[in-house]
1. Rounded to the nearest 10 Å², what accessible area does B:Tyr172 show when all protein chains are kept and the probe is 1.4 Å?
2. Any idea what the relative contact order of region B:38-179 is, in percent, if you count C-alpha pairs under 8 Å spaced at least 6 apart?
3. Based only on Cα atoms, what Rg/Rh ratio does the protein assembly as shown have, Rh being taken as Kirkwood's radius?
4. For chain B, set up a GNM with springs between Cα atoms under 10 Å and report which of B:Ala107, B:Ala153, B:Ala69 has the largest fluctuation.
5. I'd like the mean, over residues of A:44-57, of how many other protein chain beta carbons sit within 10 Å of each residue's own Cβ.
6. Only Lys, Arg, Asp and Glu count, each charged at its Cβ (+1, +1, -1, -1), so figure out the dipole size of the protein assembly as shown about its Cα centre, rounded to 20 debye.
7. Roughly how large is the B-A contact in terms of buried accessible area, totalled over both chains, probe 1.4 Å, nearest 100 Å²?
8. Grab the other residues whose beta carbon is less than 11 angstrom from that of B:Arg117, score K and R as +1, D and E as -1, and report the net.
Amino acid sequence: MGRPRPWLLLALMPLTGASLAGEVPDAARQAELRQLLLQDCGSCHGMTLKGGLGPSLRPTALAQRSVDDLAATIYDGRPGTPMAPWRIVMSRLEARWMAGMLKDGLDARR
Amino acid sequence: MHGVKMMLAAGWLGLAPFALPSLAVELRGTGDLGLVIERANGTVAVVETTGRSVLCEVAGLGDLSHASAVFDRSARYGYVFGRDGGLTKVDLLTCGIAKRIVQSGNAIGGAISQDGRLIAVSNYEPGGVKVFDSAGLGLVADIPAVPAGGGAASKVVGLADAPDQRFIFSLYDAGEIWLADLTAPQAPKVTRYEDVGQQPYDGLLAPDGRTYLAGLFGEDGVVRLDLWHPEKGPERILDGYGRGEAALPVYKMPHLQGWTGAGDLLFLPAVGRHEVLVVDRATWQERARIQVAGQPVFATARPDGRQVWVNFAPPDNAKVQVIDVPSLAVATTLSPGKAALHMEFTPRGESVWISLRDENRVVVYDTRTLAEVASLPLAAPSGIFFTARAHRLGL
């Protein structure tokens, strides 16, 4: 087996704080996304993310959800529920980064 | 500026309990005061609308995302409802916390009873309404929102005070409206209206205290309950205002509270659509729909009803539009700044205060000239609540 091809690596790597360069938004964008998470997601999920009209987004509540699954929910929304597709303000990769941050917990990424 | 604020606050704190005439304590009324929620740091600011200034800040109120406030009829105390279930009685004169409890795990607002003696809080977790005495915040009644068919308690939204010492609210998960009579506070009598529609997401009581409206998220429509004839039950209005088009994603839930009737019309933010719906209050039929710059969150009429100010969900929340009521058209589009979350008119409407969360300031507009006349630095401001609310039904 040779070196894994980049696309394979991308597919296999769990999204964590140490994911590939290019997948991680730069510092300024990260700050914007954090602000979006706390304020706009917080409108429904609570600013501490423990839930509101929408469910809790804390790591324990998300333990059974994969990063891909969460990223898809963020990016595409959930039809039939109030969860909107946030693709209007972020890229798919940024949605993955957000999903990873939620799985890890906000404090782990501070 | 800060020094002055601190001195004022210290003066009140130190002297208010011993208000001897010889000390020449500056007395003041509260009719031009208000609270601004600083949602990021659990603080509320006490503001005054005559000189347009921040008097002082009160910290330690917990998670204030989506926080709101009501006032007792003396307009000295504000009751702040936090997301984390916190209920805090704030003394606007001494600039301190008179009493604070955490009454649930997750809450969404509240109301004060007609006689001012009861505070009701609308809870998500556990779902229901809890009622407290407004003096000491002792628990008076607990009304779990268990739907007609049993099962888990529903999240409660759209809680408002109604005449004859009642509270009215909607069950988000269960699709019900409940009218709770608290004339005997320890034994509330609840009238339930079942199957009113899918996912009522907010409700409001008209300023005349007669009409309760609940917006339905799960379907395009609004439910109306006439409190003069509660026996007739809820009636659907604006049915299918989306006209069968695919539901549009909603980037922030519209808020219904804040509606003031403008003459014979009322203005409601559409769900998802870039429209404000205009309803004739005599027939409850749609009169018009006004195209606006984004998904409306609040559509709030100036107290005289001549203008309706509209703010928006992301990504259009840097704009505010002013609807001219006689022509039912947008007269002006303003760009007050980033994340214009909430608008509050001064009691007679010569000014409107707008919170700009992402600019850490509140701006004040003159509603006649539409010019910005003041800007007050405050941390991540959201809700703005003036004490004039103390004397209005349904707020």
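1. Surface accessible to solvent at B:Tyr172 totals approximately 10 Å².
2. Values: 372 pairs, mean separation 19.3, N = 142.
This gives 14 percent for region B:38-179.
3. Values: Rg = 23.1 Å, Rh = 23.6 Å.
Across the protein assembly as shown, the Cα-based Rg/Rh ratio is 0.98.
4. Answer for the Gaussian network model of chain B: B:Ala153.
5. What the average comes to for A:44-57 is 5.
6. On the way: 50 positive and 52 negative charges, 183 e Å.
Once rounded to the nearest 20, the dipole reads 880 debye.
7. On the way: alone 15570 and 7100 Å², together 20770 Å².
Interface area, both chains combined: 1900 Å², rounded to the nearest 100.
8. On the way: positive: B:Arg73; negative: B:Asp72, B:Asp115, B:Asp133.
Result for the local shell: -2.
The values are calculated or read from the model by the stated rules, or taken from the named source; none is laboratory data. Keep in mind it's a predicted model, so treat the numbers as computed, not measured. So basically every Cβ, Gly included, is an ideal-geometry build from the backbone, and we count neighbours across all protein chains shown. For the accessible areas, the whole protein counts, side chains as well, though only heavy atoms, and no ligand, DNA or RNA atoms are used. Shrake-Rupley method; radii C 1.70, N 1.55, O 1.52, S 1.80 Å.
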